[in-house]
Amino acid sequence: MIEPLDTILSLALLSILFSFGSSFLPGLIKVMAFQGIIVSIVPLFMGHDLSTSAILFTLVTMTIRGIVIPLCIYKAIKKVAVRREVQPIIGFNASILIGLGLIIAAAYVSPKFDVPSISISSLLLPTTIVLLVGGMFLLIARRNAIAMVLGYIMMENGIYLVGTTFSVRALHIVEFGILLDVLAAVMIMAIILQNIKKTFDNMDTALLRTLKE
């Protein structure tokens, strides 16, 4: 029988593959919003004794990850009028193959870690690893500043799952602090994106090398 937690984590892994293969930025934002929502509800299916405050935290986290942050990024791309990434450093088909390789590698190495939460779901730790490494991959493999921001958000989703994996009583203070940092970083990045677009009329971060002190 497939457990609900395994289904949720499988959807998270699929969202990573979609993000690796997508060149359409609004669609990529929607994938990240979906990923943020399903990552946020993972603690509800881990068997923790959830108090009212923990449930409230989950709802706030889900709202920020699934609505507030994606909305901020979507407004940013509307202002800079950029909807697609044309020339990534690593192609989209190759990125999907790399994503599949990451999932297989994470599934292979995760049993070697002595983590109590592995007994809850065999997909929990592999999903955490793929989110962290996948976010780093987007930062490296993409030239578009918006796609790189979304990679940063994917990494934060992985950090959240790390906290969920190692937490026994679903204590989310550290994760909430990180989430607020990400929200602030996204707002600052929206301003930077507008300045890059205004200066270069392009969102290719490689153009930043032309700046002189």
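The values are calculated or read from the model by the stated rules, or taken from the named source; none is laboratory data. This is a predicted model, so every value here is computed, not measured. Note that each Cβ is placed from the backbone with ideal geometry, even for glycine, and that neighbours are counted across all protein chains shown.
Is it true that Ser15 is assigned to a helix (DSSP H, G or I), out of contact with any strand residue (DSSP E or B) (no Cβ under 7 Å at 6 or more places or on another chain), in contact (Cβ under 8 Å) with a residue 24 or more places away in the chain and not aliphatic (A, V, I, L, M)?
No, not satisfied.
Got at least one residue in the range 9-22 being surrounded by 13 or more Cβ atoms within 10 Å (Cβ to Cβ), within 18 Å of Met154 (Cβ to Cβ), out of contact with any His (no Cβ under 9 Å at 6 or more places or on another chain) and modelled with pLDDT under 85?
yes
Could you please find all residues in the range 18-66 being of a type in the set (D, E, K, R) and in a loop (DSSP other than H, G, I, E, B)?
Asp49
For the range 68-84, check the following and say yes or no: at least one residue is in contact (Cβ under 8 Å) with a residue 60 or more places away in the chain and either closer than 18 Å to Thr127 by Cα or out of contact with any helix residue (DSSP H, G or I) (no Cβ under 8 Å at 6 or more places or on another chain) (or both).
Checked the range 68-84: no residue is in contact (Cβ under 8 Å) with a residue 60 or more places away in the chain and either closer than 18 Å to Thr127 by Cα or out of contact with any helix residue (DSSP H, G or I) (no Cβ under 8 Å at 6 or more places or on another chain) (or both).
Within the range 58-68, does at least one residue satisfy the condition of being modelled with pLDDT of 85 or more, basic (Lys, Arg) and more than 21 Å from Ala106 (Cα to Cα)?
No, the range 58-68 contains no residue that is modelled with pLDDT of 85 or more, basic (Lys, Arg) and more than 21 Å from Ala106 (Cα to Cα).
Exactly one of (1) over 16 Å from the mean Cα position of the chain (by Cα); (2) modelled with pLDDT under 60 is unmet by Phe176. Its number?
(1)
Residues of the range 137-155 being in a helix (DSSP H, G or I), of a type outside the set (Gly, Ala, Ser) and farther than 19 Å from Arg65 by Cβ, which ones?
Answer for the range 137-155, where residues must be in a helix (DSSP H, G or I), of a type outside the set (Gly, Ala, Ser) and farther than 19 Å from Arg65 by Cβ: Phe137, Ile140.
Quick one: is Leu50 modelled with pLDDT of 90 or more and surrounded by fewer than 17 Cβ atoms within 10 Å (Cβ to Cβ)?
no
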